[in-house]
Structure formats: C-alpha cells, structure tokens
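The values are calculated or read from the model by the stated rules, or taken from the named source; none is laboratory data. Source: prediction; values computed, not measured. Note: ideal-geometry Cβ built from the backbone for every residue, glycine included; neighbour counts use all protein chains shown.
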Amino acid sequence: MTALAHWNRRARRAAEAPHGDRATVAASAGGRLDLIAESFARLSGRPLVDISPAGFEQAMWEAPRAIAAHGIGLEPRFFYGNRVLLELLGMTANEFIGTISQHLAEPVLREERERMIDGLAQHDIVDVYAVVGIAANGRRFAISNAQIWNLIDRKGGRHGLGTTFADWQFLDGG
C-alpha cells in the first residue's frame with residue numbers, strides 16, 4: 001500500500017469513526033441486533049452484554065470484547081461487528097459489512113472452522129473456538145476462548161451465526 005493510499009484510508013476511518021461506524025453497524029443489523037444477544041443468552045444461559053443506561057445498542061457497541069454476526073448461505077456475509085472487532089481488523093464498518101466470513105480466517109484453518117460450524121448443527125453453541133484471523137492489513141492474530149452460536153429466533157428459525165471473544169494475540173509479535 002502506498003503512503004498516499006494508507007493516509008487516505010486512515011482519513012476515511014477517522015471521518016467515519018466512532019459514531020459513523022456505530023450507526024452503520026446498527027443499521028446493518030436492524031432487528032437482528034436483538035437476536036444476536038437474545039439467542040446467545042438463551043443458548044448459553046448468560047447475557048452477552050450488560051445493558052448500559054444508554055441502551056442495548058450502545059452496550060453491544062462498547063462491549064470490552066469482540067462481537068460479530070453474519071448471515072447464512074454458501075458465502076455468509078457479516079452484518080454486525082462492534083467497536084473492538086473493527087479496531088482489531090483495522091476496518092471501517094463500511095469495509096466490514098458484507099465481507100464474506102471466510103475471508104477473515106486464515107485459509108489453512110478454514111477447514112477447522114468449517115468443522116466447528118458443522119458442530120453447531122448439533123449443539124447450537126460452541127464454547128471453545130479457536131482460529132487464526134486476518135486483519136485488513138494482513139496481520140494474523142490467534143483467537144482463543146471464543147464462543148460461536150446459531151442465531152436462532154424463538155420459533156426456531158436460523159438467521160446466521162454470532163461470535164464473541166476477548167482473547168487474541170497477534171502472531172507477528174506486534
């Protein structure tokens with residue numbers, strides 16, 4: 001990436017964040033924002049976030065852990081990522097929303113990721129999930145102690161997957 005392209009990207013991020021990114025992911029998630037937290041609480045027996053006085057959407061955005069969700073299909077695309085996740089990935093909300101979920105996992109480990117997703121068909125939530133992620137700048141990071149769960153509404157309809165984690169480490173030592 002050229003210095004000018006890098007500067008333009010940083011300027012775009014600064015102009016959008018944090019309120020622009022927050023509004024973008026909230027609009028992208030729409031009514032599914034409640035589904036992310038409600039399905040996690042129902043499947044895990046504990047809340048995804050503590051509700052803040054400013055509201056549920058802000059509590060999800062400002063949570064001290066990464067939270068993301070994507071839809072279903074052959075190439076599921078992300079529709080929600082909170083502040084921590086976007087910062088880790090080095091992406092704006094506009095860059096993140098619509099990204100194919102597999103594109104943010106290391107290719108060598110995508111097969112392992114697929115096995116975990118297949119396990120969700122039987123259990124609906126996996127409490128120990130580990131994968132190597134890839135940030136926008138190519139930096140690799142190991143995620144550990146994560147949870148993934150099916151976004152299932154109260155009628156049993158499946159709408160995608162959610163993930164949350166607070167533990168990661170960059171693999172390049174940085």
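Out of the residues in the stretch 143-168 that are surrounded by fewer than 15 Cβ atoms within 10 Å (Cβ to Cβ) and small (Gly, Ala, Ser), which is farthest from LEU89 (Cα to Cα)?
GLY156
Looking only at residues that are more than 14 Å from TRP168 (Cβ to Cβ) and surrounded by 16 or more Cβ atoms within 10 Å (Cβ to Cβ) in the stretch 118-135, which one is modelled with the lowest pLDDT?
So, considering only residues that are more than 14 Å from TRP168 (Cβ to Cβ) and surrounded by 16 or more Cβ atoms within 10 Å (Cβ to Cβ), the one modelled with the lowest pLDDT is LEU120.
Checking the structure you have, find out if any residue of the stretch 20-41 is modelled with pLDDT under 95, over 25 Å from VAL132 (Cα atoms) and not in a helix (DSSP H, G or I).
Within the stretch 20-41, one or more residues are modelled with pLDDT under 95, over 25 Å from VAL132 (Cα atoms) and not in a helix (DSSP H, G or I).
Write out, first by first residue and then by second, each pair whose Cβ atoms fall under 7 Å of each other, whose residues are 6+ apart or on separate chains, and whose first residue, in the stretch 136-157, is in contact (Cβ under 8 Å) with a residue 24 or more places away in the chain while the second is acidic (Asp, Glu) and part of a loop (DSSP other than H, G, I, E, B).
Between residues of the stretch 136-157 that are in contact (Cβ under 8 Å) with a residue 24 or more places away in the chain and residues that are acidic (Asp, Glu) and part of a loop (DSSP other than H, G, I, E, B), the close pairs are ARG139/ASP172; ARG140/GLU106; ARG140/ASP172; TRP149/ASP124; ASN150/ASP124; ILE152/ASP124.
Yes or no, residue by residue, for (1) charged (D, E, K, R); (2) within 18 Å of PHE78 (Cα to Cα):
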site	(1), (2)
ASP127	yes, no
ALA130	no, no
GLY138	no, no
LEU161	no, yes
